[in-house]
Amino acid sequence: MDLINSLLNLVVPPAGLVMLAFAWPTLSFINACEWLYNTFYSEDMEDKVVIVTGASSEIGEQIAYEYAKRKANIVLVARREYKLRGIGENAMLLGANHVLIMAADVVKEDDCKRFINETMNLYGRVDHLVNTTSLGHTFYLEEAADTSVFPILMDINFWGNVYPTYFALPYLRQHNGRIVVNASVENWLPLPRMSLYSAAKAALINFYETLRFELKDEVGITVATHGWIGSEMTRGKLMLEDGAEMQWKEEREVHAFGGPVEEFAKLIVAGACRGDAYVKFPSWYDIFLLYRVFAPNVLNWTFRMLFVNHGAKRASPIGTGIPLLEGSPPRKLLTGPVTSSPLSSPQKM
Ligand SMILES: NC(=O)c1ccc[n+]([C@@H]2O[C@H](COP(=O)([O-])OP(=O)(O)OC[C@H]3O[C@@H](n4cnc5c(N)ncnc54)[C@H](OP(=O)(O)O)[C@@H]3O)[C@@H](O)[C@H]2O)c1
């Protein structure tokens, strides 16, 4: 057995490289032609139905506006209904055909069934499902005093994509629909203090890449991987449950950098309507993929210098038992399960 593997070690890598040298230019040419064709014959979203989860802030909100400009019917989903109302009004002003607001928690199966069913009852179809819900964190794993936050992070970042996808799939199939996934560059370029977030994003990518095979071409999948985009998440304004906004001085002072959210939302929606399998922004991160494969130590040293040697570890209060809001006692939500506000009935605009 060892002999066979030794032989394969010698033969497979050079043979693979030769094949790649031939296949890559041909594939790039085919992809470029396909991209050009799809740019001219991009999907017309007028009167089509788009569900956007995590629509109450930043990237989700801007994605909803992009679909509104394309005159789609939009279903806005998040827990903060008061935010969705304003966003729904803006979407109508921007040209949306119709807006439906659904206060729902994507971690709860029943909520997901409900907003998919309401969408079908009202519009009779689902064309695009855009999953944007997420919860970030910035703590070193060892600093977390309370492990109850761990499954919450995985629930929102992973299961919060899987449930809506599962319940929407039968309807997406009916019209060759599309799922848009908001992953992150952290799925292959993990950063310190984001271990659970990065793990959830990596799981998300593997889940949707597998689903891509299972669905063949009947339902398209667009995976958006982004670096840092200026948004609520990057400004340290995160939520575990409705109304319990976690904001803390230290995180607010972390300066968010990155491109404007609007620009990225435009790219995602244009890519989804073109049928792109991937949307990346910004693309300069790609170079680190080579480092990851050929020189991982360079990345390790860089992150060590940037994060660990930069003074003492800086704890984020999530899961550490430190009060989340300045001057407020530790919140109960760190020891109990996530709850959501009473969910209201759908509102049409
Ligand atoms: N911003 C960046 O730099 C960046 C970088 C890489 C990847 N991303 C990815 O891009 C996507 C959007 O990021 P963002 O910066 O716009 O995030 P964000 O501003 O934090 O928004 C997250 C959204 O998820 C919703 N949400 C969270 N938990 C939910 C739940 N249980 N049920 C329903 N809705 C829930 C929130 O609404 P409610 O609180 O009202 O429910 C909010 O609308 C995410 O997938 C994120 O991972 C962002």
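Read-outs: derived from the displayed coordinates by stated rules, not from any lab. From a predicted model like this one, the values you see are computed outputs, not experimental measurements. Please note: Cβ atoms are built from the backbone with ideal geometry, for glycine as well, and neighbour counts cover all protein chains shown.
Taking a ≥ b ≥ c as the square roots of the Cα gyration tensor eigenvalues, with a/c under 1.5 meaning rounded and otherwise prolate when a/b beats b/c, else oblate, which class fits segment 1-43? It is prolate, given that a/c is not under 1.5 and a/b is the larger ratio. Put a dot 7 Å past the Cα of LEU3, heading toward its Cβ, do the same for LEU36, and the two dots end up 5.4 nm apart. Taking amide H positions as modeled 1.01 Å from N, with prolines and chain starts lacking one, the residues under 5 Å from VAL279 and 5 or more places away or on another chain are VAL223, ALA224, THR225.
Taking amide H positions as modeled 1.01 Å from N, with prolines and chain starts lacking one, no residue 5 or more places away or on another chain lies under 5 Å from SER56. Summarising the label geometry, the points placed 7 Å from Cα in the beta-carbon direction at LEU191 and PHE307 lie 0.9 nm from one another.
Across segment 15-46, the residues whose backbone nitrogen lies under 12 Å from the label position 7 Å along the beta-carbon direction of SER283 are 32.
Derived scalar couplings between HN and Hα for segment 110-124 equal 4, 5, 5, 4, 5, 6, 6, 4, 4, 4, 5, 4, 7, 10, x Hz in order, rounded to whole Hz, by the Karplus curve 6.51 cos²θ - 1.76 cosθ + 1.60 (θ = phi - 60°), x for Gly and Pro.
Counting every other Cβ atom within 10 Å of each residue's Cβ, THR302, THR119 order from fewest to most as THR302, THR119. Highest-first packing order for the peptide set 283-294, 141-152, 35-46, 68-79 is 68-79, 141-152, 35-46, 283-294, based on the mean count of other beta carbon atoms within 10 Å. Applying the Karplus relation 6.51 cos²θ - 1.76 cosθ + 1.60 with θ = phi - 60° to segment 92-105 yields 3J(HN,Hα) values of 5, 5, 7, x, 4, 5, 6, 10, 10, 9, 10, 7, 8, 10 Hz, where x marks Gly and Pro. When both segment 184-227 and segment 26-74 are represented by their alpha-carbon centers, they are found 19 Å apart. Comparing Cα centroids, segment 154-176 and segment 106-120 end up 10 angstrom apart. Relative protection proxy for 122-133, 86-97, from highest mean packing down: 122-133, 86-97 (other beta-carbon atoms within 10 angstrom).
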